[in-house]
Amino acid sequence: MRPKREIHVTRPWLPPKENFLRYVDEIYASRQLTNRGPLHDELERKLGERLETEKPLLTANATLGLILALHALDISEGEVITTPFSYAATVNAVLWERCLPVFADIRADNLTLDPDKVEQAITRRTRAILPVHVYGIPCAMEPIQYLADKHGLKVIYDAAHAFGVKLGGKSLLANGDVSVCSLHATKLFNTAEGGLILVRDPQTRHRLELLRRFGHHYDDYQEPGINAKFSEPHAALGLACLDHLGEIIASRRELTAWYDQRLIGLLQRPSWPADLEYNYAYYPVLFKDEEQLLRVFQALADIGVYPRRYFFPSLNTLPYLNGAAACPVSERSARLAACLPLFPGLLEEEIEEICRVIKERL
Ligand SMILES: *Cc1c(COP(=O)(O)O)cnc(C)c1O
């Protein structure tokens, strides 16, 4: 039975309109639209409390957050070791800062950077490591930090997917020199567009705070910054979403269980530690081969269901990166990986139908 509507890999979460409008009323009262308005500061404070981290810095989006992080840590023009299994924003941030991305291959079991490969990629010119907690799965943080300390490198985590994920009771966002999370419409917790920077060193934090708003404080011009400011309407949406975060995660957990019941053992899944407090941001699967993936995708498209190849292609094969080293594990994983539709509001009968079609074509 064909689902009654088109189903995409995700659907942006929207709060009940009256909750959003309550915060919009505050904007009409304050008449402050941007430049660290009261809702901006309230959202930063509440996010720090909710994530149990230091107070984050809000930015216009996560890509600018990564660019600012590289900039504030003075990584410009050095080599940055990063993962090829991610969204293009990760490597684009490195290129935008005129750094050289050096790809280290990933682990086949959890699709995050392989620390042994990172070690092999370190040269005299290496300045930083930029790993990704892909799908919210934690990277091998201890070995990575060990290598960074040994070689005097900075660690910047692309934690775009890691909102609300905890390992050993601690937020994944509280790792590395800087961690950057995305609040884009398609992410677990969204403000339409937005990013979060987490940083502990007070000097780096101060610099990031200035860099995101042109690099000056009133008439005190310190260095050329950029405009990565986060506006009050975005903060209104964020505050309204934050009030529902528990529901959002609980709903995703339930949807995940429905998929698990029907697919367990049939499709390989990336692995994560048993004690991980996961956010259920994605439902990644790995098909046996690319033909199987394409066959299933076609059958799902025929009933109006559109999963997504996350992440394809492997970034080391992007056309503007000619000459990047081969990363066989990532290239293979990118051919096999997909995320199935997962968003609050997806019905059990829709998941039933999606899984039935998948099983028929395996
Ligand atoms: C979404 C995403 C980004 C970019 O986030 P924006 O807030 O859209 O700039 C960066 N890295 C990864 C892994 C992402 O999935």
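A short reminder: the numbers here are calculations on the coordinates, not readings from a lab. Predicted, not measured: the structure shown is a model, and the values here were computed from it. FYI the Cβ positions are ideal-geometry reconstructions off the backbone, even for glycines, and counts take in every protein chain you see.
Among Ala69, Ala192, Ala104, whose mean-square fluctuation peaks in a Gaussian network model of the chain (Cα, cutoff 10 Å)? Fluctuation is largest for Ala192. Summing Cβ point charges (Lys, Arg +1; Asp, Glu -1) relative to the Cα centre of the chain gives a dipole of roughly 460 debye.
In this label model, Leu321 and Ser30 are separated by 3.9 nm, measuring between points 7 Å along each Cα→Cβ vector. Cα-Cα pairs above 26 Å in the chain: how many percent? Roughly 51 percent, rounded to a whole number. Largest GNM mean-square fluctuation across Glu26, Glu79, Glu232, computed for the chain with C-alpha springs under 10 Å, falls on Glu26. Note on the stretch 58-213: Cα-only Rg and Dmax are 14.1, 41 Å.
Have a look at Lys17, Lys154, Lys288 and tell me which one the Gaussian network model of the chain (Cα, springs below 10 Å) gives the largest fluctuation. Checking each option, the largest mean-square fluctuation is seen for Lys17.
When only the Cβ of Lys, Arg, Asp and Glu is charged (+1, +1, -1, -1), the dipole of the stretch 1-68 relative to its Cα centre reaches about 460 debye. Across all directions, the average projected area of the convex hull around the alpha carbons of the stretch 231-362 is 11.1 nm². Between Glu348 and Lys46, the simple spin-label model (points 7 angstrom out along Cα→Cβ) gives 3.2 nm. Would you please calculate the Kirkwood hydrodynamic radius of the stretch 214-294 over all C-alpha pairs and express it in Å, rounded to one decimal? Averaging 1/r across every pair of different Cα atoms and inverting gives 17.2 Å. For the chain, the 222 nm mean residue ellipticity estimated from helices alone, with every DSSP H stretch of n ≥ 4 adding -39500 (n - 2.57) and the total spread over all residues, rounds to -12000 deg cm²/dmol.
Looking at the chain, the DSSP beta bridges with both ends there are about 55 percent antiparallel. Electrostatic bookkeeping for Arg107 treats Lys and Arg as +1 and Asp and Glu as -1; over the other residues with beta carbon under 11 Å from its beta carbon, the sum is -3.
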